Amino acid sequence: MNSELITLYWKIGEYIQKDILEKVDKIYGENIVIELSERLTSHYGRGFSKSDLSRMINFYRKFKNFEIVATLSQQLSWSHFVELIKLENELKREFYVAMAINEGWSVRVFKDRINSMLFERTAISKKPEKTIKKDLELLSNQKIMTESLFIKDPYILDFLGLEGSYSEKDLEDRILQELEKFLLEFESDFAFMGRQKRIQIGNKDYYLDLLFYHRKMRRLVLIELKLGEFEPQYKG
C-alpha cells in the first residue's frame with residue numbers, strides 16, 4: 001500500500017512537471033497547480049492541496065529515475081521522502097537514504113538525524129565525492145560500514161543534561177544513565193562492553209573509560225572522555 005501510494009505521487013508529479021509546467025511560463029504554471037488542486041480535491045477529497053501537489057512535483061524533480069523510486073518505496077515511507085526532497089544536495093540524499101535503510105530509522109529518528117546535520121558531522125562528508133559514493137555503495141549493496149560513516153565530529157550530547165562545571169567522572173556516570181540515547185547518537189550497531197576496563201601494556205595498567213563493540217565492523221571502539229579543548233596528545 002505504501003509502495004502504491006509513493007508510485008501514485010511520483011506519477012502525478014511527473015505528469016504535472018512534464019505535461020504541464022514545462023509547456024507554460026512559470027507564473028501561469030503556479031495558477032495551473034492551484035486550479036489542479038481545487039479540481040482534484042473536489043473529485044477525490046483530501047491529499048491534493050497546493051502544497052501536496054508541490055511536494056509531488058518536487059519529488060519527481062529530485063528522484064527522476066522511477067526504478068530507484070520503486071526500489072526505495074519498498075523500504076521507505078512517503079514521510080521519509082517528504083524529508084528527503086527538502087535536501088538540495090543529491091549526495092546528502094544518497095547518504096540519508098543509505099543510512100536510514102541500513103539502520104532502520106523511523107521517520108522521527110530520520111528527521112532528528114537530518115536536523116542534527118548528521119551528514120556534515122560524519123567524517124565521510126570531508127571525503128571526495130567519489131569516495132563518498134563508493135562507501136555508500138558498500139553500505140547499500142554489501143552492508144559494509146566504513147569508519148568514515150560512523151565517526152562523527154562533533155557528537156551532540158545535549159540529552160545528558162550536564163550544565164555548568166562537571167568532571168569526567170560526572171560525564172561518564174551520566175552517559176551510562178542515558179546509555180540508550182547515547183548509543184542512538186553513535187548508531188544502532190554499537191554494543192556496550194563496559195566501563196573502566198583494565199588493560200596492561202608492558203608493566204603499566206591503563207583503564208578504558210568506555211568500551212564498545214561495533215557489530216558490522218567487528219571492531220572494539222574505545223571512548224576516552226576528556227573535558228576542555230582538544231589536545232594533540234589525545235589523538236594517540
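The values are calculated or read from the model by the stated rules, or taken from the named source; none is laboratory data. Just so it is clear, the model here is predicted, and its values are computed rather than measured. Cβ coordinates were reconstructed from backbone atoms using ideal geometry, including for glycine residues, and neighbour counts include every protein chain displayed. Keep in mind that these areas ignore ligands, DNA and RNA; they rest on the heavy atoms of the full protein, side chains included. Shrake-Rupley method; radii C 1.70, N 1.55, O 1.52, S 1.80 Å.
Report, by residue number, each residue of segment 33-59 that is polar (S, T, N, Q) and either open to solvent by less than 20 Å² (accessible area, probe 1.4 Å) or free of Cβ contacts under 8 Å to residues at least 12 places away in the same chain (or both).
Step one: of segment 33-59, the residues polar (S, T, N, Q) are 37, 41-42, 49, 51, 54, 58.
Within segment 33-59, Ser37, Thr41, Ser42, Ser51 meet the criteria.
Out of all the residues in segment 109-128, which are touching a residue at least 12 places away in the same chain (Cβ under 8 Å) and either at positive phi or of a type in the set (Phe, Trp, Tyr) (or both)?
Those that are touching a residue at least 12 places away in the same chain (Cβ under 8 Å) and either at positive phi or of a type in the set (Phe, Trp, Tyr) (or both): Phe110, Phe119.
Looking only at segment 200-222, which residues are open to solvent by less than 70 Å² (accessible area, probe 1.4 Å) and at pLDDT below 80? Reasoning before the result, please.
Keep residues of segment 200-222 that are open to solvent by less than 70 Å² (accessible area, probe 1.4 Å), which gives 202, 205, 208-212, 214, 217, 221.
Listed by number, the list holds a single entry, Met217.
Taking the conditions exactly as written (within 26 Å of Ser106 (Cα to Cα) and part of a helix (DSSP H, G or I)), does Leu53 satisfy them or not? Quick ask: steps written out before the conclusion?
Numbers: within 26 Å of Ser106 (Cα to Cα): yes; part of a helix (DSSP H, G or I): yes.
Spelling it out, Leu53 is indeed within 26 Å of Ser106 (Cα to Cα) and part of a helix (DSSP H, G or I).
Among the numbered conditions (1) among the charged types (D, E, K, R); (2) crowded, with 16+ Cβ neighbours inside 10 Å; (3) touching a helix residue (DSSP H, G or I) at 6+ places or on another chain (Cβ under 6 Å), tell me where Lys62 comes up short.
(3)
How about segment 65-85: which of its residues are touching a residue at least 12 places away in the same chain (Cβ under 8 Å) and not in a helix (DSSP H, G or I)?
If the condition is that a residue be touching a residue at least 12 places away in the same chain (Cβ under 8 Å) and not in a helix (DSSP H, G or I), then Ser73, Gln74, Gln75, Leu76, Ser77, Ile85 are the ones that fit.
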